[in-house]
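The values are calculated or read from the model by the stated rules, or taken from the named source; none is laboratory data. This structure is a prediction, so every number in the text was calculated from the model and none was measured. Note that we place each Cβ from the backbone using ideal geometry, even for glycine, and neighbour counts take in every protein chain shown. Keep in mind that these areas ignore ligands, DNA and RNA; they rest on the heavy atoms of the full protein, side chains included. Shrake-Rupley method; radii C 1.70, N 1.55, O 1.52, S 1.80 Å.
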Amino acid sequence: MAMPVSGVPTETHPRVLAGGALTRIGRAVRSNRKATIGTILLVIFILIALFPSVIAHDSPTQDAYPPRLGPSAAHLFGTNAYGQDLFAQVIWGTRNVLIIAFAVGLLTTGIAVLIGVAAAYLGGGWDGTLSVLTDVLLVIPLFPLLIIIAAYAHGEGIIVLILAITLTSWSYTARQLRVQALTLRNRDFLAAARVRGERRLYVIVMEVIPTMTSLIVASFLTNALYAVLLASSLQFIGLGDPNTVSWGTTLYWAENNAALQTGEPVWAIAPGACIALLGAAFALLNYAFDEIGNPALRPVRRSKRVRSA
């Protein structure tokens, strides 16, 4: 804390708090075994998405092999009913899945931050209007709404899928961030910013948001996780672009060809296992940020020093 002339300690500046939050995030990830495992899994998936051709040398869409081959050294997961290499489809499909996860996570969290924090800080009519908008989206069943949107835009690429999930998924995070921002509304550093004559947008972006770093990162991870599940579900039921190489479309073609009933379980199990592992990576990372945001969840560590009797 800074010490003014009067000798009364004042609150730490939010930018300093943001730097401290990032330091705590790194410390929490290193000290929490589950968060460490989640980080390792996520890094592996990111590397696969960045360099798929290094791992899988076959084309994921070329039907150049005999159909329904079993796993072998040449085809680690075998081939599907169309003569396509399943290992290549799983590896190359990672990129589109992560693009959806990170794009939806960033866009959804960004919209939720601006609307939720703005509603809490501005108050009055702004708070009422933005809260009504948030509540309307909260009471609408999300997945049926996505089915309607995806069915209307049937056959479109992942950009339409990203926009559809983003525009329908920000409300819960906005409500959560609004509640957190309300607790900061009357803090001294915000009163000081208003006395200095700072604009409202500046106060929201530069003063309020940096104090909520850990909660915002946790919200991003949650939104990215749900983006993977929602996008894969829509693709699985045939409401995505069937020509896109993704885990969800791989499951779609596996279901269409009754892979489990015709002795081709890897066709369905491999992409499903990848969805589960990526979801586990995002979920495990949330343990670290929950500990930062809620001190009651932090594990109690025994002192290394042994007290003398």
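What to note about this one:
The rows are residues; the columns are (1) surrounded by fewer than 23 Cβ atoms within 10 Å (Cβ to Cβ); (2) free of Cβ contacts under 8 Å to residues at least 60 places away in the same chain; (3) in a loop (DSSP other than H, G, I, E, B); (4) in contact with a Leu (Cβ under 6 Å, 6 or more places away or on another chain).
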| position | (1), (2), (3), (4) |
| --- | --- |
| Leu69 | yes, yes, yes, no |
| Val90 | no, no, no, no |
| Ile100 | no, no, no, no |
| Ala118 | yes, no, no, no |
| Leu130 | yes, yes, no, no |
| Thr134 | yes, yes, no, no |
| Phe143 | yes, no, no, no |
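- Qualifying position, being at pLDDT 85 or above, touching a Gly at 6+ places or on another chain (Cβ under 9 Å) and under 14 Å from Ile237 (Cβ atoms), among Leu177, Leu161, Leu146: Leu161
- For the range 145-182, the set of residues classified as open to solvent by 70 Å² or more (accessible area, probe 1.4 Å) and over 26 Å from Met206 (Cα atoms) consists of Ile148, Tyr152, His154, Glu156, Ile159, Leu163, listed by residue number.
- Some residue of the range 267-276 being under 26 Å from Gly70 (Cα atoms), at pLDDT 90 or above and outside any helix (DSSP H, G or I): no
- Residue selected from the range 183-213 under the condition of a type in the set (Val, Ile, Thr) and open to solvent by 70 Å² or more (accessible area, probe 1.4 Å), by the criterion farthest from the chain's Cα centre (by Cα): Val195
- If you check Tyr65, Tyr82 for being open to solvent by 10 Å² or more (accessible area, probe 1.4 Å) and over 17 Å from Gly263 (Cα atoms), only one passes: Tyr65.
- Per-region count, the range 1-59, residues of a type in the set (Gly, Ala, Ser), outside any helix (DSSP H, G or I), at pLDDT 60 or above and open to solvent by 30 Å² or more (accessible area, probe 1.4 Å): 1
- Residue-level check: of (1) free of Cβ contacts under 8 Å to residues at least 60 places away in the same chain; (2) assigned to a loop (DSSP other than H, G, I, E, B), Arg185 misses just (1).
- The one condition in (1) over 18 Å from the mean Cα position of the chain (by Cα); (2) at pLDDT below 95 that Leu114 fails to fulfil: (1)
- Test: residue in the range 226-237 that is of a type in the set (Phe, Trp, Tyr), at pLDDT 85 or above, surrounded by 15 or more Cβ atoms within 10 Å (Cβ to Cβ) and part of a helix (DSSP H, G or I): yes
- Positions within the range 79-88 being of a type in the set (Gly, Ala, Ser) and in a loop (DSSP other than H, G, I, E, B), in sequence order: Ala81, Gly83
- In this structure, Leu76 does not satisfy being open to solvent by 50 Å² or more (accessible area, probe 1.4 Å), farther than 26 Å from Val228 by Cβ and outside any helix (DSSP H, G or I).
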